[in-house]
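To start, the structure itself, in structure tokens.
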Amino acid sequence: MNTNAIQNTNSLHSIMSEMELGPSNSIQFLFAKLQLAQAQLCKNKAQAYIDKIQKSQEEQKECAKMIEKARELQQKAKNEKAPTTMPQEMIDYFNKNGISYNQAGKDTLHSNEEWDYNIKSLLNLQETFGTSTQTDLVFLNDFMGQYNSYLQGAHSTIQQNNQTLTNILRG
């Protein structure tokens, strides 16, 4: 069985054609093969959610770094009672993620109060990432439950078939 081909497909027919489980004239083995193919589909879908969750977690880390930097700049503006400059990296981050930042004065200088607005925008983005991750975890859990159920069904069917064959051989 070529597991790479199976892992990279989302078609039940493609998965079943790649599997070798014995004679195809046995209904029990065909059913087990179907159960295993369904399990593989669930596994493939679960992997897609795992990848999406990992990406979201990386985005959350990046957002947390921006929040930390924004708070440092806000504290500096507060302590010095003078605006601090938003770095280009941060402006690019805001623009890349489609979130707004304070643009009063049409410059990159921000007072303590203006940093409040910027930080709230970042916190909202961080919350969005967190909510998305939670939703994806629910779907992942569902696919893993289905995967386990299909795998158990295949295992049970194969065991029952083997027991039947053993009983027939014993006479």
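The values are calculated or read from the model by the stated rules, or taken from the named source; none is laboratory data. Predicted model, so just to flag it, every value in this text is computed and none were measured. A quick note on method: Cβ atoms are made from the backbone with ideal geometry, for glycine too, and the neighbour counts reach across all protein chains shown. When the accessible area is computed, the model is the full protein with side chains, heavy atoms only, and any ligands, DNA or RNA have been set aside. Shrake-Rupley method; radii C 1.70, N 1.55, O 1.52, S 1.80 Å.
Listing for the model above:
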{"read-out": "Protein accessible area in the stretch 54-160, 1.4 Å probe - carbon and sulfur %", "value": "49 percent"}
{"read-out": "Max mean-square fluctuation residue, GNM over the chain, Cα-Cα springs under 10 Å, options D142, D116, D107", "value": "D107"}
{"read-out": "Those aspartates and glutamates that a straight Cα-Cα span of less than 20 Å connects to K81, excepting residues fewer than 8 apart in one chain", "value": "E68, E72, D107, E113, E114, D116"}
{"read-out": "Part-to-part distance (alpha-carbon centres) for the stretch 26-80 and the stretch 81-140, which is given in Å", "value": "21 Å"}
{"read-out": "Probe 1.4 Å, accessible area per residue of the chain, Å²", "value": "64 Å²"}
{"read-out": "Cross-link table K52/K120; K61/K120; K65/K106, entries beyond 19 Å C-alpha to C-alpha", "value": "K52/K120; K65/K106"}
{"read-out": "Cα centre as origin, Lys/Arg/Asp/Glu Cβ charges: the chain dipole, Debye", "value": "420 debye"}
{"read-out": "Residue-wise HN-Hα coupling along the stretch 145-157, computed from phi with Karplus coefficients 6.51, -1.76, 1.60 (Hz; x: Gly, Pro)", "value": "x, 5, 4, 4, 5, 5, 5, 5, x, 5, 4, 4, 5"}
{"read-out": "Sites I50 and K106, calculated FRET efficiency, Cβ-Cβ separation with R0 45 Å, nearest 0.05", "value": "0.55"}
{"read-out": "Förster-model FRET efficiency, 41 Å R0, S26 and S132, C-beta, rounded to 0.05", "value": "0.35"}
{"read-out": "Most to least packed among 150-161, 80-91 [average Cβ atoms within 10 Å]", "value": "150-161, 80-91"}
{"read-out": "Taking all pairs of distinct alpha-carbon atoms in the chain, Kirkwood radius in angstrom", "value": "20.3 Å"}
